[in-house]
Amino acid sequence: KAGVTQTPRYLIKTRGQQVTLSCSPISGHRSVSWYQQTPGQGLQFLFEYFSETQRNKGNFPGRFSGRQFSNSRSEMNVSTLELGDSALYLCASSWVQSSGANVLTFGAGSRLTVL
Amino acid sequence: SQQGEEDPQALSIQEGENATMNCSYKTSINNLQWYRQNSGRGLVHLILIRSNEREKHSGRLRVTLDTSKKSSSLLITASRAADTASYFCATVSGTYKYIFGTGTRLKVLA
C-alpha cells in the first residue's frame, strides 16, 4: 500500500507570493489533516477534511486555506506569504473507525522557505 | 497554549539503557497516542492507549496513562541507536481533535 505522498518536498518562495501544497492520502483513507511544524511553535493543527468537507479548523488566519477532492486528495494554499510561514507542512491521513479511534499516517512533509 | 507538555525536552542515553519520557495534557481525552519523528521527516505512529486503559505494551514500548493526573509516559527498553528521534504525544478528544505535545528529543549513543 502506498503511503501518504506530499508534493513538492521542498520549495522556496518570496514574501507576498502564494503557494499550493498537495497531499495524496493512503488509498481508502477519507480523512486528511494538515499540520504546520516550526521549531518555535511545534506541531500546530491547520485543518481536517473528510469527504470533501472541512470538519475541523485550527487557529490560523484566513490566508491558509484547503480543500479536498472527491478522490480524497487534498491541497492547501497559503496566500500572501510571510517570513513566519516558513515551516514543514505535514499532511496526514487516517482511517476513521466506528469506535472513533483512528491513527494518523503522515507524509514526509513539504518544507517551505519564505525569503 | 493548548499543547501538551513533554518532559524532558531532550534526553541522551547509552545504547542498551531504557528511555522514559513523560507527557502532560490539559483536556479530557478519548485516547492518547505516541509518535516518532526522525529529523525533518513525517511522524510515525507508535502506540495508542484509550482513556479507559492504564497500560499498554508493544514490543520494546510500554505506555502508561493516568487520566486523574492527565499524564502519560512512554518507556523504550533496551534503546538502540536507531531509536534516536523526536517523540511526541498526541491527545485525541471529540470527533477529531489532535493536540500534539512539544516533543522529547532522544539521542541514543552507540
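I'd like the residue in the stretch A:80-99 that is of a type in the set (S, T, N, Q) and surrounded by fewer than 19 Cβ atoms within 10 Å (Cβ to Cβ) and, out of all such residues, is farthest from the other protein chains (Cβ to nearest Cβ).
A:80
Within the stretch A:28-48, how many residues turn out to be farther than 14 Å from residue A:77 by Cα and either hydroxyl-bearing (Ser, Thr, Tyr) or in contact with a Lys or Arg (Cβ under 6 Å, 6 or more places away or on another chain) (or both)?
Within the stretch A:28-48, the subset farther than 14 Å from residue A:77 by Cα is A:28-32, A:37-45.
Applying the additional criterion that residues be either hydroxyl-bearing (Ser, Thr, Tyr) or in contact with a Lys or Arg (Cβ under 6 Å, 6 or more places away or on another chain) (or both) yields A:31, A:38.
The qualifying residues number 2.
Kindly establish whether residue A:20 is outside any strand (DSSP E or B) and β-branched (Val, Ile, Thr).
So residue A:20 does not fit the description; no.
Mind telling me which of the residues B:80, B:36 ends up being charged (D, E, K, R) and under 15 Å from the mean Cα position of the chain (by Cα)?
B:36
Which ones in the stretch A:39-54 are under 14 Å from the mean Cα position of the chain (by Cα) and either surrounded by 16 or more Cβ atoms within 10 Å (Cβ to Cβ) or more than 20 Å from residue A:94 (Cα to Cα) (or both)?
If the condition is that a residue be under 14 Å from the mean Cα position of the chain (by Cα) and either surrounded by 16 or more Cβ atoms within 10 Å (Cβ to Cβ) or more than 20 Å from residue A:94 (Cα to Cα) (or both), then A:43, A:44, A:45, A:46, A:47, A:48, A:49, A:50 are the ones that fit.
How many residues does the stretch A:24-36 hold that are assigned to a strand (DSSP E or B) and more than 14 Å from residue A:64 (Cβ to Cβ)?
3
Being surrounded by 14 or more Cβ atoms within 10 Å (Cβ to Cβ) and more than 14 Å from chain A (Cβ to nearest Cβ) is the filter here; which residues of the stretch B:18-59 pass it?
If the condition is that a residue be surrounded by 14 or more Cβ atoms within 10 Å (Cβ to Cβ) and more than 14 Å from chain A (Cβ to nearest Cβ), then B:19, B:20, B:21, B:22, B:24 are the ones that fit.
So the check is Cβ under 6 Å with 6+ separation or different chains; which pairs have a first residue in the stretch A:27-41 that's in contact (Cβ under 8 Å) with a residue 12 or more places away in the chain and a second one that's among the acidic types (Asp, Glu) and surrounded by 15 or more Cβ atoms within 10 Å (Cβ to Cβ)?
So the pair list comes out as A:33/A:48.
Within the group A:56, A:77, A:102, A:71, which residue is farther than 18 Å from residue A:19 by Cα and away from chain B (no Cβ under 14 Å)? Show your work before the answer.
On the way: A:56 fails: away from chain B (no Cβ under 14 Å); A:77 fails: farther than 18 Å from residue A:19 by Cα; A:102 fails: away from chain B (no Cβ under 14 Å).
Residue meeting the stated conditions: A:71.
Which members of the stretch A:3-17 meet the condition of being away from chain B (no Cβ under 14 Å) and either closer than 14 Å to residue A:82 by Cα or in a strand (DSSP E or B) (or both)?
A:11, A:12, A:13, A:14, A:15, A:16, A:17
Taking the conditions exactly as written (over 20 Å from residue A:40 (Cα atoms), surrounded by fewer than 20 Cβ atoms within 10 Å (Cβ to Cβ), without any contact (Cβ under 8 Å) to a residue 40 or more places away in the chain and of a type in the set (D, E, K, R)), does residue B:66 satisfy them or not?
yes
Restricting to the stretch A:73-95, name every residue that is modelled with pLDDT of 95 or more, over 25 Å from residue B:104 (Cα atoms) and in a loop (DSSP other than H, G, I, E, B).
A:73, A:79, A:80, A:81, A:82
The values are calculated or read from the model by the stated rules, or taken from the named source; none is laboratory data. In this text, all values refer to a predicted model and were calculated from it rather than measured experimentally. No Cβ is skipped: glycine too gets one built from the backbone with ideal geometry, and neighbour counts run over all protein chains shown.
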